[in-house]
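Read-outs: derived from the displayed coordinates by stated rules, not from any lab. These numbers come from a predicted model, not from an experiment. Every residue, glycine as well, gets a Cβ built from its backbone with ideal geometry; the counts of neighbours run over all protein chains shown.
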Amino acid sequence: MFETVILTLDSTVRLSTPLLLACLAGLYSERSGIVDIGLEGKMLGAAFGAGAVAYITGNAWIGLMAGIAVSIGLALIHGFASITNRGNQIVSGVAINFLAAGLTALLGQTCCSQGGRTPSLQGDGRFRDIVLPGAEQVRDVPIIGPIYAELLSGHNILVYAAFVAVPVTWWVLFRTRFGLRLRAVGENPAAVDTAGISVTWLRYRAVIACGILCGLAGSYLSIAQSAGFIKDMTAGKGFIALAALIFAKWRPASAMFACLLFGFLDATAIRMQGQEVPGIGEIPVQFFQALPYILTLILLAGFIGNAIPPKAAGIPYLKERS
Amino acid sequence: MSGGQLPRWVDYGLIPFLNLAAAFLVSGLVVILIGENPIDAVKVLIWGSLGYTEGFGYTLFYATNFIFTGLAVAVAFHAGLFNIGGEGQAYLGGLGVAIACLALDHYVPWYVTLPFAILGSALMGAAWAFIPAWLQETRVCHVVITTIMFNFIAASLMVYLLNGFLKKPGSMQNETRTFEDGGRLPFLNDIFPSFGFGFAPVNLALFVALAACVLVWLLIWRTKLGFEIRSFGANATAAVYAGISPVRITVVTMLISGGLAGMMAINEIMGSQHRLLIDFVTGYGFVGIAVALMGRAHPVGILLASILFGMLYQGGAELSFEMPNITRDMIIVIQGLVILFAGALEHMFRPAIAQFFLPARP
């Protein structure tokens, strides 16, 4: 029983990581007032870029850089449309999702001719699991041993990076001048403009930060969790991250817990498949798949507090009228 | 930027044309990147979608789907609402059609089943749009977010239902039994054999879609409700001052929008597949956004945009046959570019054009 719990929590951590990175990405963007439903597309683009380049170079780090570059590129398109051209941010996000889904499948077929997937990565092409010091020695110690050896140790570097990104994001947003301005521009851009700070440049920086984190999230999928890109491999994770962001009410620490919760639901669903629950019977796996959205909707309906988005989110900023 | 008005033909003709041209230009670059000749690709695409009657029949079949989802998005646009839940609403609409057809197909001919199928699809689609609409006004949470979530919940729900009691007994496929003749709309090829639509699945639902275009036009521009919807969309605060209830308008508009999206299933399920199956919507709901944007939320524009997208679907299928390097994913890329240039970047060319057409101000 204890072992089952540890193993479930272990896969919870693995499944939460891409959600957490994408969720923090959305946090930067939405806190600056740019609604981003293109998280999914940016992750997919990054997953493809990372998978393809890691295969060609055989180096996971270069793959990661490529993934981040693709994601930043898509983020800049979103920025150009929604900041510079003051277009509709939802429409732009939908376009990014379409572009990424189509282009990755199309180029995947052209470059590799394996039905839209990239060839399997070997050796250094992939981020490998890191065994923390002393993990093997303490494995046999009761309770603490398995927790340290299974749960904390033995993940790849991007998993640790994701959880380090939580306090870093909190510090950047709530303890630096940049963060204060970023939050201000999401609430009242006119006030920031009056203070002589460029709304445009601030929002572009937020969108680029979003691109970097989405790049990490997508690369995690293709060169850390799996060994290569598979067509449509994000499978709605970008939207679950978006739900988590709302569930967390746009706060970094809560975002981590929301992503862990949604990751846990995913891990439980995999473990529960085909198993009977006493008194209830078999719970359909579709129920677990829908649960993150149902929970977020219950939150939005006001049963678990209130989720109030940044005030200027989704509204293009018009500097002056003429 | 200018305060002046651009001539109407520039606003409704030239700018959409430039946006579309930019999208196709970039698509051409993608084709070159893959190593094919874009001119040849365009030739195949146009021949495949318009060059022979069977191909044209397919184009019309796809266009029928887009008319429904495009109208759905457009009606919501008029009230300033963004319904991106067409995908889930159409999926649930399929459930409504299937229930009507499964219940009636043994007993009555198709023209008795059809009204029930229309009712079922519209009711189910509307029901799926109701909660997002209600939450939007009473709990101030954006309809975009809630409709996205309802898309995913719809997908899970339908897989569950098709895996369970809707499933044909003894079948391994996740689908219902095939409808009898009483649950099938006649193909246009059977009604007008002389046109030679061949195996194209274009069916009577095309006329339902055209009727829906007319009804939406009447609703939006010729009724009191339509006036209220447009007023609310133009200026919600002013509309509330004028005595228009925001909750009522939001809910009613979203119900109409969801109902229209749901009716897409008549074409796909009752008209072509003759059974309810998993993932039959496959993006038509999302493409409705592009159709509504290109059609400027007007039924005539939507009709034209639907035919264009129908051409892309049918021509794209032909293209993947003739040039195996260009898979059907190319259609998704082109759609993405159209949404980007005609939607998100719609104002990109405007300042330059305004400078050209409007006299310089002192």
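Side notes on the structure shown:
- Cα-derived Rg over Rh, computed across the stretch B:1-74 with Rh taken as Kirkwood radius: 1.10
- Judged by the mean number of other Cβ atoms found within 10 Å, the most tightly packed of the peptides A:127-136, A:159-168, A:204-213, B:49-58 leads the ranking A:204-213, B:49-58, A:159-168, A:127-136.
- For the stretch A:163-222, the C-alpha radius of gyration divided by 2.2 N^0.38 Å, with N the number of residues, is 1.28.
- The stretch B:1-66-the stretch B:306-354 distance, computed between alpha-carbon centres (Å): 6 Å
- Per-residue average of Cβ from other chains inside 10 Å of A:77-85: 3
- Cβ crowding within 10 Å averaged over residues, with A:307-319, B:162-174, B:82-94 ranked highest first: B:82-94, A:307-319, B:162-174
- Descending by average beta-carbon neighbour count within 10 Å, the peptides B:204-210, A:49-55 line up as A:49-55, B:204-210, the highest first.
- Rounded to the nearest 500, the 222 nm mean residue ellipticity of chain A from helices alone is -21000 deg cm²/dmol, with -39,500 (n - 2.57) taken per DSSP H run of at least 4 residues.
- Projecting the Cα atoms of B:236, A:275, A:164 onto the dipole axis of the protein assembly as shown, where Lys and Arg carry +1 and Asp and Glu carry -1 at the beta carbon, places B:236 farthest toward the positive end.
- Within chain B: Cβ-based charge dipole about Cα centre, in debye rounded to nearest 20 (Lys, Arg +1; Asp, Glu -1): 960 debye
- Listed residues B:62, B:284, B:111, most fluctuating in chain B (Gaussian network, C-alpha, under 10 Å): B:111
- Mean partner shielding of peptide A:287-299, defined as the number of other chain Cβ atoms within 10 Å of each residue Cβ, is 4.
- Solution diffusion estimate, µm²/s, Stokes-Einstein, the stretch B:45-85, Kirkwood Rh from C-alpha pairs, 20 °C, viscosity 1.002 mPa s: 185 µm²/s
- Spatial offset of the stretch B:138-198 relative to the stretch A:69-138 amounts to 31 Å, using the alpha carbon center of each.
- Stokes-Einstein D (µm²/s) once Rh is taken as the Kirkwood radius of the stretch B:232-362 over alpha-carbon pairs, at 20 °C in 1.002 mPa s: 118 µm²/s
- Using C-alpha pairs below 8 Å separated by at least 6 residues, the relative contact order for chain B is 35 percent.
- For the stretch B:7-137, the spread of Cα coordinates along the three principal axes comes to 53, 42, 32 Å, biggest extent given first.
- Computed over the protein assembly as shown, the quotient of the alpha carbon radius of gyration and 2.2 N^0.38 Å is 0.97.
- Among complete DSSP H helices in chain A, those whose alpha-carbon atoms stretch at least 18 Å along the helix's long axis and whose mean Kyte-Doolittle hydropathy reaches -0.5 are A:2-31, A:39-57, A:60-79, A:89-112, A:157-175, A:199-220, A:252-272, A:285-300.
- Toward the positive end of the charge dipole of the stretch A:1-90, with +1 on the Cβ of Lys and Arg and -1 on the Cβ of Asp and Glu, the farthest Cα among A:61, A:83, A:32 is that of A:83.
- Kirkwood estimate for the stretch A:1-96, i.e. one over the average of 1/r between Cα atoms, Å: 14.8 Å
- Square roots of five times the Cα gyration tensor eigenvalues for chain A, Å: 33, 24, 20
- Mean sequence separation of contacting Cα pairs (under 8 Å, at least six apart), scaled by the length of the stretch B:219-362, corresponds to a relative contact order of 12 percent.
- Radius of gyration, Dmax [chain B; alpha carbons; angstrom]: 21.3, 79
- The Cα-based radius of gyration and maximum Cα-Cα distance (Dmax) for the stretch B:253-330 are 14.3, 44 Å.
- When only the Cβ of Lys, Arg, Asp and Glu is charged (+1, +1, -1, -1), the dipole of chain A relative to its Cα centre reaches about 1200 debye.
- Calculated FRET efficiency for the pair residue A:61/residue B:245, C-beta based, R₀ 51 Å, to 0.05: 0.30
- Residue with peak Gaussian network fluctuation, chain B [Cα springs, cutoff 10 Å], from B:71, B:345, B:276: B:345
- Selected from B:115, B:283, B:30, residue furthest toward positive end of dipole (chain B; charges at beta carbon): B:115
- Ratio of the Cα radius of gyration of the stretch B:124-281 to 2.2 N^0.38 Å, where N counts its residues: 1.30
- Order of B:99, B:67, B:302 under a 10 Å beta carbon neighbour criterion, fewest first: B:99, B:302, B:67
- Average silhouette area of the stretch A:203-312, convex hull of alpha-carbon atoms, in square nanometres: 9.2 nm²
- Computed magnitude of the charge dipole of the stretch B:124-234 (debye, nearest 20; Cβ of K, R +1, Cβ of D, E -1): 200 debye
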